[in-house]
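Novice: The structure under discussion is supplied below as structure tokens; questions concerning it will follow.
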Amino acid sequence: MNQAHFDSDCVLSADSVESYRRDGFIRIRSLLDSIETQQYGAEITRLTLALNTQTKSLSERTTYDRAFLQVMNLWRESEVVKRFIFSRKLAMVAAQLMGVSRVRIYHDQSLYKEPSGGITPAHADQYYWPFASDKAVTAWIPLRSVPLEMGSLAFYRGSHHASFGRDLPISDESEQKISAAMEASGFDIDESPYELGDVSFHGGGDVPPEISHRTV
Ligand SMILES: O=C(O)CCC(=O)C(=O)O
């Protein structure tokens, strides 16, 4: 598989870095080559469906488990996926956004929405991260285009400066309490469709709780 695009350099503009620090997230359009992303996506889908351990029907699951099928650290299962996850381009973007010279992977996580599955409740990733540092970032890489009606990842712009909700695991409670608090504080929801190749990055320490719409 051609890796050239994934391993090319990527220097962000000062405006991009500034907008990430102001908003707590950034969507970078066409960061990855769409054909290559689709090819890696086929391998990620194959492994996710083979390795996920979910056996319950949607109606028997918790809100968290209705949100997606998930498998962690696929990079350990496949050299192909490892090349994708360790892409120089993704690492360079993450480093520039955080203002550091190099980065390490904490984990990858494949999240697959099922037909009629649940929403991803509002949450802050920081709840799940055992880091002393706030230099952490999630790259959200859709493996297909995500129009609004499918439920793309959305963010409360600028809410990384608010501390509310960082003690809440993903649940009905986080959805209800974080959404209410964000609305009461006047944070705008930023939602936008993704094309194949678009990637968003959201912060981990000083981080915006993100929401996702119900899948249809
Ligand atoms: O894709 C999703 O539904 C949720 C993703 C997410 O929570 C994250 O990237 O932090």
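The values are calculated or read from the model by the stated rules, or taken from the named source; none is laboratory data. If you're wondering where the values come from, they're calculated on a predicted model, not measured in any experiment. A quick note on method: Cβ atoms are made from the backbone with ideal geometry, for glycine too, and the neighbour counts reach across all protein chains shown. Surface areas here come from the heavy atoms of the whole protein model, side chains and all, with no ligands, DNA or RNA. Shrake-Rupley method; radii C 1.70, N 1.55, O 1.52, S 1.80 Å.
Novice: How many residues, within the range 109-156, are within 9 Å of the ligand (Cβ to nearest atom), among the aliphatic types (A, V, I, L, M) and surrounded by fewer than 20 Cβ atoms within 10 Å (Cβ to Cβ)?
Specialist: Qualifying residue count for the region: 3.
Novice: Another question, if that's okay. Can you name every residue in the range 161-181 that is away from the ligand (no atom under 13 Å from the Cβ), within 16 Å of GLN126 (Cα to Cα) and part of a helix (DSSP H, G or I)?
Specialist: HIS161
Novice: Next question, about the same structure. Listed residues LEU111, LEU97; which is modelled with pLDDT of 95 or more, hydrophobic (A, V, I, L, M, F, W, C) and part of a strand (DSSP E or B)?
Specialist: Among LEU111, LEU97, only LEU111 is modelled with pLDDT of 95 or more, hydrophobic (A, V, I, L, M, F, W, C) and part of a strand (DSSP E or B).
Novice: Filter the range 59-73 down to the residues that are assigned to a helix (DSSP H, G or I) and either within 15 Å of the ligand (Cβ to nearest atom) or among the charged types (D, E, K, R) (or both) and list them by number.
Specialist: Across the range 59-73, the qualifying residues are GLU60, THR63, TYR64, ASP65, ARG66, ALA67.
Novice: Could I ask something else about it? Conditions: (1) within 18 Å of the chain's Cα centre (by Cα); (2) open to solvent by 70 Å² or more (accessible area, probe 1.4 Å); (3) charged (D, E, K, R). ARG102 meets all but one. Number of the miss?
Specialist: Every condition holds for ARG102 apart from (1).
Novice: Being hydrophobic (A, V, I, L, M, F, W, C) and within 16 Å of the ligand (Cβ to nearest atom) is the filter; apply it to the range 182-203 and report the residue that is surrounded by the fewest Cβ atoms within 10 Å (Cβ to Cβ).
Specialist: For the range 182-203, the residue satisfying everything is ILE189.
Novice: With GLN39, GLN96 as the choices, which residue is under 24 Å from ASP190 (Cα atoms) and more than 16 Å from the ligand (Cβ to nearest atom)?
Specialist: Testing whether each residue is under 24 Å from ASP190 (Cα atoms) and more than 16 Å from the ligand (Cβ to nearest atom) leaves just GLN96.
Novice: Pairs, please: C-beta under 8 Å, at least 6 apart or cross-chain, first residue at negative phi and in the range 53-80, second among the hydrophobic types (A, V, I, L, M, F, W, C) and assigned to a loop (DSSP other than H, G, I, E, B)?
Specialist: THR63/ILE170; TYR64/ILE170; ALA67/ILE119; ALA67/ILE170; TRP75/PHE86; TRP75/ILE105; VAL80/MET1
Novice: Let me ask something else. Residue by residue through the range 84-94, note down the ones that are open to solvent by 50 Å² or more (accessible area, probe 1.4 Å) and either of a type in the set (A, V, I, L, M) or part of a loop (DSSP other than H, G, I, E, B) (or both).
Specialist: PHE86
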